[in-house]
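What follows is one structure encoded as C-alpha cells, with my remarks underneath.
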Amino acid sequence: MIIKSKSIKSKKALENTIRYILTKDDQNDVGFTMNRYIRLDRQFEKIINSETDQYKRSLLLNKRIENIIDSFESNESKRLIKRKNANRAYHEIISFHKEDTKHLPKKVLLKIARKYTKERAPNAMVISSMHSDKEHLHIHNVISALEFATGKPIRLTRKEFKEVKTRMEAWQDKELGLTNSKVNHSKKKVQMLQLDIERELNLRGKRSERQQIQMKLVEVFSKQRSEKVHYSEFEKAGLKLYSRDGKIVGVHGLRRRYRLKTLGFEPERITMEKTKAQNRLQNLKHQQSKKVREQDMER
C-alpha cells in the first residue's frame, strides 16, 4: 500500500476535504464511512442511509458535514499550546494497486482503515471514507491534529511516520497477502500511484511543490535541442540543484530536497560541463567580438 499525508491548516481547507471525501458519488454504493470521537455522526449516517428521497439525503449530508466540522473545531479550541499556522488536521490517503481490487471487499477496507488509525493516532478524532472512482481503490482519512479532549498535539516525525508505514506493510503481508500493493514493486507502478494520490490531495486546485518543480524541469528540458543540458539553464529557471560525489542528483525545495529520479528525470542529462551548442555559441560570440574590434581598428 502507498500512504501519503498532507496537513490541513485552515477551517476552510478542513471543510473542503471533509466535503470531498463524503460527497463523491462513486463510493456511495460499495464504500463506507468510519468515524471516531465524532459526536452524533453515527446517528446521522443511520438516518441518511434510511432516507430514500435524494433531496432530503442531500440536506442531511450537509448537516452531517457541518456537525463533523464543528466537532473538529470544538476539539481544536482545547489546544494547550497555541501557535500561528498550526495544523488543524491531516488528510491521509491509503492506496492499493488495481490488481488487488478483487481482494478488497468493503469489510476488508474497513478493517484496514481501523488498523491504520489505530497505528497512526489511536487517540485522535477520525473520519474515513473509501473512494473507488480511480482504477485502484483508496481510503481517505481525516485525522485531528490534537488528541480528543486533551488538547495535546499529535505529530509524527518522518522516522515515526515511516515506522507506521512499515508496520502497516508487515500487517498487510501477514493478514491480507496483497502481492501487488507492496511498496517494493516496480518504481514505475509506485510513481503512478503517488502521482494519482497527489492529484487527490490537491483539492483546492493548487499544484504541490513537487509538481511545480516537475513543470519547471519539463520546461527547461523542452527548450534545449541537445540531449544534455547545462546546469546553468535550470538555475535561470529558478531551480536550485544539489550534487553528491560531484554529480547533480536533485533539486532543493523550500523545506525538502527532491531527487531527479523520483521526479521522473535522468540526472545524467544535466551536465556541469558546457555542451557543444554552448561552445558553438561562445565561439560565435567571440568571433563577432573580434570582428567588431578589427572594424574599430580600421576606422
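The values are calculated or read from the model by the stated rules, or taken from the named source; none is laboratory data. Note that the coordinates shown come from a computational prediction; the quantities given were computed from them, not determined experimentally. For neighbour counting, all protein chains shown are included, and Cβ atoms are generated from backbone atoms with ideal geometry for every residue, glycine included. When the accessible area is computed, the model is the full protein with side chains, heavy atoms only, and any ligands, DNA or RNA have been set aside. Shrake-Rupley method; radii C 1.70, N 1.55, O 1.52, S 1.80 Å.
Would you check if ARG83 is out of contact with any Asp or Glu (no Cβ under 6 Å at 6 or more places or on another chain), at pLDDT below 90 and charged (D, E, K, R)? Even if it seems obvious, please write down each step before you answer.
Values: out of contact with any Asp or Glu (no Cβ under 6 Å at 6 or more places or on another chain): yes; at pLDDT below 90: yes; charged (D, E, K, R): yes.
Yes.
From the list LYS12, LYS63, LYS46, which residue is under 30 Å from THR157 (Cα atoms), open to solvent by 90 Å² or more (accessible area, probe 1.4 Å) and out of contact with any His (no Cβ under 6 Å at 6 or more places or on another chain)?
Numbers: LYS63 fails: under 30 Å from THR157 (Cα atoms); LYS46 fails: under 30 Å from THR157 (Cα atoms).
Testing whether each residue is under 30 Å from THR157 (Cα atoms), open to solvent by 90 Å² or more (accessible area, probe 1.4 Å) and out of contact with any His (no Cβ under 6 Å at 6 or more places or on another chain) leaves just LYS12.
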Residue, surrounded by the fewest Cβ atoms within 10 Å (Cβ to Cβ), within the stretch 121-139, restricted to residues that are farther than 15 Å from LEU104 by Cβ and in contact with a strand residue (DSSP E or B) (Cβ under 8 Å, 6 or more places away or on another chain) | ASN123
Extreme residue, farthest from VAL218 (Cα to Cα), among residues of the stretch 232-258 that are open to solvent by less than 40 Å² (accessible area, probe 1.4 Å) and touching a Gly at 6+ places or on another chain (Cβ under 6 Å) | TYR242
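Taking the conditions exactly as written (more than 16 Å from MET125 (Cα to Cα) and in contact (Cβ under 8 Å) with a residue 12 or more places away in the chain), does GLU45 satisfy them or not?
On the way: more than 16 Å from MET125 (Cα to Cα): yes; in contact (Cβ under 8 Å) with a residue 12 or more places away in the chain: yes.
Yes.
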Write out, first by first residue and then by second, each pair whose Cβ atoms fall under 8 Å of each other, whose residues are 6+ apart or on separate chains, and whose first residue, in the stretch 205-229, is under 17 Å from VAL251 (Cβ atoms) and of a type in the set (Phe, Trp, Tyr) while the second is at pLDDT 75 or above and in a helix (DSSP H, G or I).
-> PHE221/ARG269
State all residues of the stretch 123-141 that are at pLDDT 95 or above and assigned to a loop (DSSP other than H, G, I, E, B); if no residue qualifies, say none.
-> ASN123
Working only within the stretch 57-97, note down all residues that are touching a strand residue (DSSP E or B) at 6+ places or on another chain (Cβ under 6 Å) and either without any contact (Cβ under 8 Å) to a residue 40 or more places away in the chain or of a type in the set (Asp, Glu) (or both).
-> GLU92
Does the stretch 115-129 contain any residue that is touching a Gly at 6+ places or on another chain (Cβ under 9 Å) and under 25 Å from SER10 (Cβ atoms)?
-> yes
So SER144 fits all but one of (1) over 16 Å from ARG88 (Cβ atoms); (2) hydroxyl-bearing (Ser, Thr, Tyr); (3) not in a helix (DSSP H, G or I); what number is the exception?
-> (1)
